[in-house]
Structure formats: C-alpha cells, structure tokens
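Reading through the structure tokens given below for one structure.
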Amino acid sequence: QVQLVESGGGLVQPGGSLRLSCAASGNIFSIYAMGWYRQAPGKQRELVAAITSGSSTNNADSVKGRFTISRDNAKNTVYLQMNSLKAEDTAVYYCNADLQYYSGGYYRRADSWGQGTQVTVSS
C-alpha cells in the first residue's frame, strides 16, 4: 500500500558529498516523522537524522555539522545532504517514515522502511 524508494547512493572519495532522496508513494494520508538510518557491516542499524512534520530535526552526534536532513511535504520526500564524508560513513542507508495511509476503508498507521541504498566512502 505504501512504498518508500531511496536514491542517490554511490561511491565517493573522503571529503566528498552525496545527496540521498526518499520518496513515499501510495494512499498516504499524512506523514509524521521521517528519518534516515544506516547499517554498516557487522554493526547495528543506527539513527542518522530525523525530521518531524514541522521540520524540527535531530542529528546523531557523529554527523552533526556534516549532514543535513530536510523534507518536501508536497512531494512526500525526505532528503539527506551529506558533506565532508568519511570512511566511517560507509553503510547501507535506509529511509523511514511514520505515516498514516488509507486502505480497505480505514486509515492505518505504519512505520515504513525503504529498501536501502549503499553509500561507500573510499579513495
């Protein structure tokens, strides 16, 4: 019923930049918080940045001053601008959305995830 599709990952050199996008589609009624998580090999998934429907943001300490999360409510899209990338930022990045959608005559709440996009920082 609802799909999150990420884009923008890839290979970048240390110090470089990437911009991730995540578009939500389906019978969406409202999107509350949206966020980006990442999971490196052998590590647990961790929160990178989150943004509320009112655009209040919260960033992990490891990315403060380097990453910026933003959203376009009209497009149901969240972005992650990543600057000054480091090798330790290498991971699969996942988009997450707390949303309400319409299905089978009811409004339903869901915690939805994208399929993930690989970000590799290497020279």
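The values are calculated or read from the model by the stated rules, or taken from the named source; none is laboratory data. Quick caveat, the model's predicted, so the values are computed rather than measured. Because the Cβ atoms are built from the backbone with ideal geometry, glycine has one as well, and the counts that use them run over all protein chains shown. Just the protein is used for accessible areas: all its heavy atoms, side chains included, with ligands, DNA and RNA removed. Shrake-Rupley method; radii C 1.70, N 1.55, O 1.52, S 1.80 Å.
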(message) Using each residue's phi in region 98-115, evaluate 6.51 cos²θ - 1.76 cosθ + 1.60 at θ = phi - 60° and report the 3J(HN,Hα) Karplus result to the nearest Hz, with x for Gly and Pro.
(response) 8, 9, 10, 9, 10, 7, x, x, 10, 8, 10, 9, 8, 10, 9, 10, x, 7
(message) P(r) for region 1-71, please, calculated from all Cα pair distances in 5 Å bins and given in %.
(response) 3, 13, 20, 26, 21, 10, 5, 1
(message) Rounded to two decimal places and with Rh computed the Kirkwood way over Cα pairs, what is Rg over Rh for region 35-83?
(response) 1.00
(message) For a quick check of understanding: with a 1.4 angstrom probe and all protein chains in place, what accessible area in square angstrom does Arg108 have, to the nearest ten?
(response) 100 Å²
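Ranked from the most accessible area to the least, with a 1.4 Å probe and all protein chains present, what is the order of Lys86, Lys64?
Numbers: Lys86 85, Lys64 120 Å².
Listed by decreasing accessible area, they come as Lys64, Lys86.
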(request) Check cross-link reach from Lys86 to the lysines: straight Cα distance under 16 Å, and skip same-chain residues fewer than eight apart. (result) Lys64
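Can you work out the accessible area per residue across the chain, with the rest of the protein chains kept in place, probe 1.4 Å, in square angstrom? Can you show the working numbers first?
Values: 6510 Å² over 123 residues.
Counting only protein heavy atoms, the per-residue value for the chain is 53 Å².
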(message) Straight-line reach only, C-alpha to C-alpha below 16 angstrom: list the aspartates and glutamates that Lys43 could link to, leaving out same-chain residues fewer than 8 apart.
(response) Glu88, Asp89
(request) Report, by chain and number, residues whose modeled amide H sits under 5 Å from the one on Gly16, excluding near sequence neighbours (fewer than 5 apart, same chain). (result) Leu85
(request) Could you calculate the FRET efficiency of Ser56 with Tyr107 from 1/(1 + (r/R0)^6), where r is the beta carbon distance between them and R0 is 30 Å, rounded to 0.05? (result) 0.80
(message) For the chain, set up a GNM with springs between Cα atoms under 10 Å and report which of Val78, Val63, Val48 has the largest fluctuation.
(response) Val63
(request) Express the carbon and sulfur contribution to the solvent-accessible surface of the chain as a percent, rounded to the nearest whole number, probe 1.4 angstrom. (result) 45 percent
(request) Quick one: give the max-minus-min coordinate of the C-alpha atoms of the chain along each principal axis, largest first, in Å. (result) 52, 26, 23
(request) Could you grab the relative contact order for the chain? Cα pairs under 8 Å, six or more apart, rounded to a whole percent. (result) 36 percent
(message) Need the C-alpha centroid separation for region 1-74 versus region 75-123, integer Å.
(response) 5 Å
(message) If I ignore ligands, DNA and RNA and count only protein heavy atoms, how much of Thr68 is accessible to a 1.4 Å probe, in Å² to the nearest 10?
(response) 80 Å²
